[in-house]
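Report on one structure; see the data block that follows.
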Amino acid sequence: MENIKSFADRLMNNVEKVIIGKHRPVEETLIALLCQGHILIEDVPGTGKTMLALSVARSTGCSFRRIQFTPDMLPSDVTGVSVFNQKTREFEFRQGPVFAQIVLTDEINRATPKTQSALLEAMEERQVTVDGQTYRMEKPFLVLATQNPIEYEGTFPLPEAQLDRFMLRIHLGYPDKTSETDILGAQQFSHPITTLEQVVSQEELLEAQEAVKQIYVDDLVKTYIIDLCTATREHPDVYLGASPRGSLAMYRTSQALAAIRQRDYVIPDDVKYMAEATLAHRLIIGPAARIKNVSASEVIEEILTSIPVPGARVIGKPS
């Protein structure tokens, strides 16, 4: 666990040179990176969403591409296109911007559902199929999508299938007064992103991703995760609850959180800590509850309060 802790500290300390005063969002981004999961960053403009993605890419030495989504984009603008070569008399595939290790899809809800769906295969299967030919993505592969919740004109809400493919949804929010003062000081002469250096290697990242999978999760904790997800499906205010992919997201992120905190086992507090980030965006609130302004976060909080936390038991003894 010391190797993962050292890896996490180096990466987080480096990213926080740019993203000031946002420890938890940076930590959640690292957790998604360790779990090979994708992130939906939902917040107002100017809070550092793009800088967060670029900081992670520079800190890890991963290739980085940015896709600015607009209503007139086509799926081929994302995945790439086959072009006929006059000299060789053959079609050649020209890769789209999705072929990078860290892909920032800026304002993803600006694109039409047809273009949004071009990401589905890449996000879930780490591959892209064009004209019947399949192309594998390079490891590690991470999609960070941003959307601005206050801009409703010209947007297309993400479908449930796409939302479900994001392991985490995080919010950066406005900085507090002290942090904003630090931001002004840090950018007096130049942006700190210009001097940000690589602090971990891609080999270290891949090793950490495999090491996180070895974190022990007791059957009682697994049952607790399933109980939480089942409660979202049965809640009276929820039209569509968390899928089994949501359960797996809680499972994986809890392992990564335990490793960052130098434990080789998961405790219920890890699950509770990651519950909102992994489940809230997967819940579809019913029409009657929306009228009452019930939010997915409130439902998650209520469920965490009502579902009993499993107690400790001796390994090998019946529960």
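Within region 297-319, can you find the residues that are at pLDDT below 85 and under 27 Å from L168 (Cβ atoms)?
Of all residues in region 297-319, those at pLDDT below 85 come to 310-319.
Answer for region 297-319, where residues must be at pLDDT below 85 and under 27 Å from L168 (Cβ atoms): just P310.
Going by what's in this entry, would V18 be described as free of Cβ contacts under 8 Å to residues at least 24 places away in the same chain and among the β-branched types (V, I, T)? Can you show your working first?
Numbers: free of Cβ contacts under 8 Å to residues at least 24 places away in the same chain: no; among the β-branched types (V, I, T): yes.
In short, no.
Pairs needed: first member in region 22-36, over 15 Å from E207 (Cα atoms); second member anywhere, of a type in the set (V, I, T) and assigned to a helix (DSSP H, G or I); C-beta distance under 6 Å; at least 6 residues apart or different chains.
Within 6 Å, the pairs are V26/V15.
Search region 240-272 for residues being under 14 Å from L283 (Cβ atoms) and in contact with a helix residue (DSSP H, G or I) (Cβ under 6 Å, 6 or more places away or on another chain), and hand back the single one that is modelled with the lowest pLDDT. Step through it out loud before you land on a result.
If we filter region 240-272 for residues that are under 14 Å from L283 (Cβ atoms), which is where we start, we get 240-243, 245-247, 249-250.
Pick out the ones that are also in contact with a helix residue (DSSP H, G or I) (Cβ under 6 Å, 6 or more places away or on another chain) and you get 241-242, 246-247, 249-250.
Details: G241: 83, A242: 87, G246: 90, S247: 92, A249: 92, M250: 93.
Step by step, filter region 240-272, then rank; the result is G241.
Residue by residue through region 235-272, note down the ones that are part of a loop (DSSP other than H, G, I, E, B) and within 21 Å of the chain's Cα centre (by Cα). Before the answer, list the steps.
Let us first name the residues in region 235-272 that are part of a loop (DSSP other than H, G, I, E, B), namely 235-237, 241-243, 261-264, 266-267.
G241, A242, S243, R261, V266 - these are the residues of region 235-272 that are part of a loop (DSSP other than H, G, I, E, B) and within 21 Å of the chain's Cα centre (by Cα).
So which strands (runs of 3 or more DSSP E) stay within region 20-108 end to end and still have 1 or more residues that are hydrophobic (A, V, I, L, M, F, W, C) and over 14 Å from A145 (Cβ atoms)? So that I can check it myself, show each step before the final result.
Details: elements: 38-42, 64-68, 80-85, 90-95, 102-106.
In region 20-108, the matching strands (runs of 3 or more DSSP E) lie at 64-68, 80-85, 90-95.
Taking into account only those residues within region 192-234 that are surrounded by fewer than 15 Cβ atoms within 10 Å (Cβ to Cβ), assigned by TED's automatic domain parsing to the domain that holds E276 and more than 27 Å from R263 (Cα to Cα), which is nearest to the chain's Cα centre (by Cα)?
R233
Please determine, by comparing only the residues of region 248-274 that are over 18 Å from L33 (Cα atoms) and of a type outside the set (V, I, T), which one is surrounded by the most Cβ atoms within 10 Å (Cβ to Cβ).
P268
Condition first: within 14 Å of L119 (Cα to Cα) and either without any contact (Cβ under 8 Å) to a residue 12 or more places away in the chain or among the aliphatic types (A, V, I, L, M) (or both). Now tell me which residues in region 55-107 satisfy that.
I67, M73, L74, V78, V98, A100, I102, V103, L104
Can you tell me which condition V200 does not meet? The list is (1) among the hydrophobic types (A, V, I, L, M, F, W, C); (2) modelled with pLDDT of 85 or more; (3) not in a loop (DSSP other than H, G, I, E, B), and all the others hold.
Checking V200 against (1) among the hydrophobic types (A, V, I, L, M, F, W, C); (2) modelled with pLDDT of 85 or more; (3) not in a loop (DSSP other than H, G, I, E, B), the one that fails is (3).
Being assigned by TED's automatic domain parsing to the domain that holds P75 and at pLDDT below 85 is the requirement here; does A145 meet it? Reasoning before the result, please.
Details: assigned by TED's automatic domain parsing to the domain that holds P75: yes; at pLDDT below 85: no.
Criteria not met by A145.
Return only the number of the condition from (1) among the polar types (S, T, N, Q); (2) surrounded by 15 or more Cβ atoms within 10 Å (Cβ to Cβ); (3) in contact (Cβ under 8 Å) with a residue 24 or more places away in the chain that S306 does not satisfy.
Result: S306 passes all but (2).
The values are calculated or read from the model by the stated rules, or taken from the named source; none is laboratory data. All figures in this text were calculated on a predicted structure; none of them were measured in a lab. Because the Cβ atoms are built from the backbone with ideal geometry, glycine has one as well, and the counts that use them run over all protein chains shown.
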